1. Read through the list (1) of a type in the set (S, T, N, Q); (2) more than 13 Å from the ligand (Cβ to nearest atom); (3) within 22 Å of E57 (Cβ to Cβ), then give the number of the only condition that T138 fails.
2. Testing I73 on (1) β-branched (V, I, T); (2) more than 15 Å from the chain's Cα centre (by Cα); (3) surrounded by fewer than 15 Cβ atoms within 10 Å (Cβ to Cβ), one condition comes back false. Which one is that?
3. For Q106, all conditions in the list (1) within 13 Å of the ligand (Cβ to nearest atom); (2) more than 24 Å from T138 (Cβ to Cβ) hold save one; what is the number of the exception?
4. Would you please name the residue that is farthest from W84 (Cα to Cα), looking only at residues in the stretch 123-135 that are within 16 Å of the ligand (Cβ to nearest atom) and crowded, with 16+ Cβ neighbours inside 10 Å?
5. If I ask for residues that are within 11 Å of the ligand (Cβ to nearest atom) and of a type outside the set (A, V, I, L, M, F, W, C), which ones from the stretch 78-103 would you list?
6. S142 - would you say it is surrounded by 15 or more Cβ atoms within 10 Å (Cβ to Cβ) and in a helix (DSSP H, G or I)?
7. Looking at this structure, is W84 among the aromatic types (F, W, Y), surrounded by 12 or more Cβ atoms within 10 Å (Cβ to Cβ) and closer than 20 Å to R60 by Cβ?
8. Pick from the stretch 93-122 the residues that are touching a residue at least 24 places away in the same chain (Cβ under 8 Å) and in contact with a helix residue (DSSP H, G or I) (Cβ under 6 Å, 6 or more places away or on another chain): which of them is surrounded by the fewest Cβ atoms within 10 Å (Cβ to Cβ)?
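Read-outs: derived from the displayed coordinates by stated rules, not from any lab. These numbers come from a predicted model, not from an experiment. Here Cβ is always computed from backbone atoms with ideal geometry, including for glycine, and neighbour counts include all displayed protein chains.
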Amino acid sequence: MLYKLSCKGLSKKKENESYNDLLCVQGRCFDLPNYAKQSSADKVHGLQHNLEIGIMETVRFLIHYGLHFLFPILVAYIFFRKKWKLVSLVFLSTMLVDLDHLFAEQIFDANRCSINFHPLHSYYAILVYALGLFWKKTRTISLGLIFHMLTDWQDCFWIH
Ligand SMILES: [Zn+2]
């Protein structure tokens, strides 16, 4: 079973509550109650379901990090050919706004939407980034920051 891992420590299960099996994908755990008692048809069905979640999570991961790391370099190369390396670096440096995650109780949570949760991902911050588009000096970094926010925002639609 590709995605089935034991991760009892990660789940916030209550005492007395019994989980025969836990499915964990990127730190997110799903309980599979009475797995051992299930018929083989149910097990196959469950396995397909888990695999679907696993595939979806992998797609989500690839899109999120592709947009964070590969897309900015691509945009810099296509639209800022003459100084694409510098522009790429500016775009990638917008990842620094994720330092605001350090103020959160749980630094990383795949089930949480960053937008309007962390201070540098708040609507006020986004407004400041948008204003930065009006000045030539801040335009590139603002563009990167807004794109960072769009990347984090699309990720929120994957939360289930
Ligand atoms: Zn972010």
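1. The failed condition is (3).
2. Unmet for I73, out of (1) β-branched (V, I, T); (2) more than 15 Å from the chain's Cα centre (by Cα); (3) surrounded by fewer than 15 Cβ atoms within 10 Å (Cβ to Cβ): (3).
3. Every condition holds for Q106 apart from (1).
4. Step by step, filter the stretch 123-135, then rank; the result is A125.
5. T94, D98, D100, H101
6. Against the criterion (surrounded by 15 or more Cβ atoms within 10 Å (Cβ to Cβ) and in a helix (DSSP H, G or I)), S142 qualifies.
7. Answer is no for this residue.
8. My answer is C113.
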